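S.K.: Sharing a structure below in structure tokens format, with a few things to ask.
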Amino acid sequence: MLILLAGCTTAPRNNQPLPTVWEQTNAVPSSAGNPCLPSARPAPVPAPAFTPVPPKVSRPVPVLTWTSLNEWTAEHRLPAPKRVGNLPVTSYAITSPQGTMVLEIGSREATWRGLEILLGFPPEIIDNQVFVHALDLKKNLEPLLLGAPLTFHGNRILVLDPGHGGSNSGTHSVLDGRCEKEFTLDWALRIRSLLATNGWTVFLTRTNDSAVSLSNRVVFAEAHHADVFISLHFNSAAPDKKQNGLEIYCLTPTGMPSTLTRGYSDVWTDRFPDNAYDAENLQLAVRLQAELIRCSGEEDRGVRRARFMGVLLGQKRPAVLIEAGFLSNPAEARRIETPAFRQELAEAVANALK
Ligand SMILES: [Zn+2]
């Protein structure tokens, strides 16, 4: 039953147990006295429409080489990379009409238009030249520096996924134990209101305090022919009260290590349906990141990659998961508990989709 509720659409490898929530592996199970228990009459759960396990293909990944950044920029008619900053950190900036990316030698941390993104592999200096892994060129640099800006076609159908619900309450505010599931639903309803007159048709995977498995959230997006899928969450590092900031996840491209594995094995050769949208996932994530950081003033923890998030793997559309601050941090919990702050978060998401 717990696994059903957690509903990861892929079985964990090595028989590892599934976490009941993303944010905490020490999630509190439902029990008497838990202030986050669902209401006495839980809302109905939609029946599964298809297998909860998304197709996954493991196949040999072609051997990719490291490429000279100077050669890559010349090939794409961009100015040569410029060295920036001071020693001992060596960074290089690459600029295109779309913006500037700064890469740091020996680090996976990079910036795009001043905001953090995480590369798959640290750039290296070889024979006095900067070399970048070919997968980073294809999956990180090309979509941002060379790709056409993300546009939304078709019916502009957005499926918003308020994290958790019902007996799966998510994480808890360090201040008073209020539940993540309450705040994610409120945030989603606010976004829906803002987008109602903005050319989008918005569906929520849940509109009340009901339990919906992760696989059924993917089924829901498929059934509603979603053009975009956004899962809404708040974070926890309990018992650590200091971690703070906002991060956005998309599915790790095949052949690349994930930024976050949360104890799961991370098979680089796995290919999931949503890997068809690697470029759009990143473009959507950075659009949301820019607006969310600007509107909320939260610390930027970057666009990250994960392979274990069941609501992302099986999607056949751009799909991201937002962790909009830490309920385990007293200052952030106080803000998240404030309706005006959740309105700011909603406006940021709506702005990003204009
Ligand atoms: Zn969550």
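S.K.: Looking at the stretch 293-313, which of the residues that are away from the ligand (no atom under 16 Å from the Cβ) and part of a helix (DSSP H, G or I) is nearest to THR254 (Cα to Cα)?
M.R.: In this case the residue turns out to be LEU313.
S.K.: When the residues of the stretch 172-202 are filtered to those that are of a type in the set (S, T, N, Q) and over 17 Å from HIS233 (Cβ atoms), which remaining residue is surrounded by the fewest Cβ atoms within 10 Å (Cβ to Cβ)?
M.R.: In this case the residue turns out to be THR197.
S.K.: For the stretch 316-354, name all the residues that are polar (S, T, N, Q) and surrounded by fewer than 22 Cβ atoms within 10 Å (Cβ to Cβ).
M.R.: If the condition is that a residue be polar (S, T, N, Q) and surrounded by fewer than 22 Cβ atoms within 10 Å (Cβ to Cβ), then THR338, GLN343, ASN351 are the ones that fit.
S.K.: Taking the stretch 282-295 only, how many residues are under 15 Å from HIS233 (Cα atoms) and surrounded by fewer than 24 Cβ atoms within 10 Å (Cβ to Cβ)?
M.R.: 1
S.K.: Within the stretch 314-345, take every residue that is hydrophobic (A, V, I, L, M, F, W, C) and more than 24 Å from ALA237 (Cβ to Cβ) and give me the one that is farthest from the ligand (Cβ to nearest atom).
M.R.: ALA340
S.K.: From the list ASP136, ASP161, which residue is within 15 Å of the ligand (Cβ to nearest atom) and crowded, with 23+ Cβ neighbours inside 10 Å?
M.R.: Step by step, each of ASP136, ASP161 is checked, and only ASP161 is within 15 Å of the ligand (Cβ to nearest atom) and crowded, with 23+ Cβ neighbours inside 10 Å.
S.K.: Within the stretch 139-192, which residues are of a type outside the set (S, T, N, Q), modelled with pLDDT under 95 and closer than 24 Å to ASN216 by Cβ?
M.R.: GLY154, ARG156
S.K.: Kindly list the number of the only condition in (1) charged (D, E, K, R); (2) more than 17 Å from GLU291 (Cβ to Cβ); (3) assigned to a helix (DSSP H, G or I) that fails for ARG190.
M.R.: The failed condition is (2).
S.K.: How many residues are within 16 Å of the ligand (Cβ to nearest atom), under 23 Å from ARG178 (Cβ atoms), part of a loop (DSSP other than H, G, I, E, B) and among the hydroxyl-bearing types (Ser, Thr, Tyr) when one looks only at the stretch 196-252?
M.R.: Number of matching residues: 3.
The values are calculated or read from the model by the stated rules, or taken from the named source; none is laboratory data. Given the structure is predicted, the values throughout are model-derived calculations rather than measurements. So basically every Cβ, Gly included, is an ideal-geometry build from the backbone, and we count neighbours across all protein chains shown.
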